[in-house]
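Asker: I'd like to ask some things about the structure below.
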Amino acid sequence: MATPSPSPLKIGLIGAGGIVRGAHLKPGWLAVPGAEIVAVCDLNPKTARSLADDFKIPHVFTDYRDLLKLKEIDAVDICTPNRAHTPAVIDSLAAGKHVLCEKPLAVSVEEVLAMKEALRKTDRILMTAQHHRFSEASVAIKAWVDSGALGEVYHTRVNATRRNWLPISPGFIDPNLSGGGPCMDIGVHALDTALWLMNFPTPVRVSGRAHTNFAKGFDIPGGWGEWDRTLFGVEDFASGYVHFSNGSTMVLEASWLQHQETEELNATLQGKKASIRWPNGHFHTVVNRTLVDGLVLPHQGRQPAHTEEIIAFADAIRTGKPSPVPIEQTIYVIAILEAIMKSSKLNQEVAIPPFA
């Protein structure tokens, strides 16, 4: 008996920049059976038209609100600058579309709560595109942690630091577009993955510091070229110390420019039975008073992480499953990042309220 074909999904792309070409369509949506990209929108008409021509997308817009008027669209994939996420998400939900939105979902808790209220009024799915959860390494490490091998986690070190890879486009360095620097750009990746591996303990207090140490000067050459120093208005380094309600703690560092050997994106979870480092899978424990080192091997045979993320989103739409990355988790990710910046500005510890 033949396997029935999956129900068709008509997709609209809001944003047509590098992340769309390099991840969401490589293969991304192209790997989802029955999915069809029917519309694309970008403020730059040439960018939108170029993507449409390359991928045979029939409808092209420069205003996402016009795209949302297409009744045939089931879901939208939002890949705009960070500050544009909130209105696009809220309007898309109001238009009856399922929403996949690139990280960070928003740049403030206030915006995430507004999205949550918009979501409450619909029966749609909202998913944050935290693709690192879906990698071969992450899925394997998560399974190992959930088996109980790590034990109770009492401390986590999160590192998202670069030597000289500062993104040069205004969408990253202009606070009116990005809402933040490396915290919102790469810190959000490692933080979300670490919290997910920890099963999302509730953060209650945060101390943080944010600095612009090098980005206004010319000492460190940019790996992606030069950037507009006059436009640069975000931090190039931030650090935070997080307390959770269960007594565990976390240290987070994020940077685009600093003196170090190479780029690092990792998290080390210290448990009472073992410790493990993401994403390399190295773990350390003790057995019968004997020190033991080991390795969690990645789950082989998976698609690229961005593609697996999109496949999970499409499956949730078709089957009625919950959002694979729900807003109830994302709100604490954004709360921690926002609290780091607020703590730095106020020069004091910041409390994070519970979000029901």
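The values are calculated or read from the model by the stated rules, or taken from the named source; none is laboratory data. Predicted, not measured: the structure shown is a model, and the values here were computed from it. In this analysis, Cβ positions are derived from the backbone assuming ideal geometry, glycine residues included, and neighbour counts consider all displayed protein chains. When the accessible area is computed, the model is the full protein with side chains, heavy atoms only, and any ligands, DNA or RNA have been set aside. Shrake-Rupley method; radii C 1.70, N 1.55, O 1.52, S 1.80 Å.
Asker: In whole percent, how big is the carbon plus sulfur part of the accessible area of the chain, probe 1.4 Å, protein atoms only?
Answerer: 54 percent
Asker: I want to verify the translational diffusion coefficient of the range 223-323 in µm²/s; compute it with Stokes-Einstein, Rh as the Kirkwood radius over Cα pairs, at 20 °C and 1.002 mPa s.
Answerer: Taking Rh from Cα pairs, D becomes 116 µm²/s.
Asker: Step by step: find N for the range 77-235, compute 2.2 N^0.38 Å, then divide the Cα radius of gyration by it. What's the final number?
Answerer: So the Cα radius of gyration is 1.17 times the expected 2.2 N^0.38 Å.
Asker: Can you give the accessible area per residue of the chain, in Å², using a 1.4 Å probe?
Answerer: Value returned for the chain: 45 Å² of accessible area per residue.
Asker: Show me the three semi-axes of the equivalent ellipsoid for the chain, from the C-alpha gyration tensor (sqrt of 5 times each eigenvalue), largest first, rounded to whole Å.
Answerer: Semi-axes from the Cα gyration tensor: 32, 26, 20 Å.
Asker: Can I ask one more? Among DSSP beta bridges whose residues both lie in the chain, state the antiparallel percentage, nearest 5.
Answerer: Of the beta bridges lying entirely in the chain, close to 60 percent run antiparallel.
Asker: A further question follows. Note the direction-averaged projected area, equal to a quarter of the hull surface, for the Cα convex hull of the range 1-53, in nm².
Answerer: 3.9 nm²
Asker: Right, next: Once the Cβ-Cβ distance between residue 149 and residue 94 is put in as r, and R0 is 51 Å, what FRET efficiency do you end up with, to the nearest 0.05?
Answerer: Result of the calculation: an efficiency of 0.70.
Asker: Each residue of the range 293-308 in turn: what ³J(HN,Hα) in whole Hz from Karplus with 6.51, -1.76, 1.60 and θ = phi - 60°, glycine and Pro shown as x?
Answerer: In residue order, the calculated couplings are 10, x, 9, 8, 7, x, 6, 7, x, 8, 6, x, 4, 4, 5, 4 Hz.
Asker: Taking square-rooted eigenvalues a ≥ b ≥ c of the alpha carbon gyration tensor, is the range 115-165 rounded, prolate or oblate, where a/c under 1.5 means rounded and, failing that, a/b exceeding b/c means prolate?
Answerer: It is oblate, given that a/c is not under 1.5 and a/b is not larger than b/c.
Asker: Mind checking the range 243-351 for trypsin sites (Lys or Arg not before Pro) that DSSP puts in a loop (not H, G, I, E or B) and that have at most 13 other Cβ atoms within 10 Å?
Answerer: 272, 273, 289
Asker: Kindly sort 63, 77 by accessible area of their heavy atoms, largest first, with the probe set to 1.4 Å.
Answerer: If we order 63, 77 from most to least accessible, we get 63, 77.
Asker: Residue 211: net charge of surrounding residues, Cβ under 10 Å, Lys/Arg +1, Asp/Glu -1, itself excluded?
Answerer: Taking every other residue near residue 211 into account, the sum is -1.
Asker: Would you kindly derive the ³J(HN,Hα) couplings of the range 325-339 from the backbone phi angles with the Karplus curve 6.51 cos²θ - 1.76 cosθ + 1.60 (θ = phi - 60°), listing them in order in whole Hz, with x for Gly and Pro?
Answerer: Result, rounded to whole Hz: 10, x, 5, 5, 8, 4, 4, 6, 4, 5, 4, 5, 5, 5, 5.
Asker: Within the chain, which is the longest segment that contains none of the GluC sites (Glu not before Pro) sitting in a DSSP loop with at most 10 other Cβ atoms within 10 Å?
Answerer: Answer - 1-225.
Asker: Next up: Using only the alpha carbons, work out the radius of gyration and Dmax of the range 29-97 in angstrom.
Answerer: 11.8, 32
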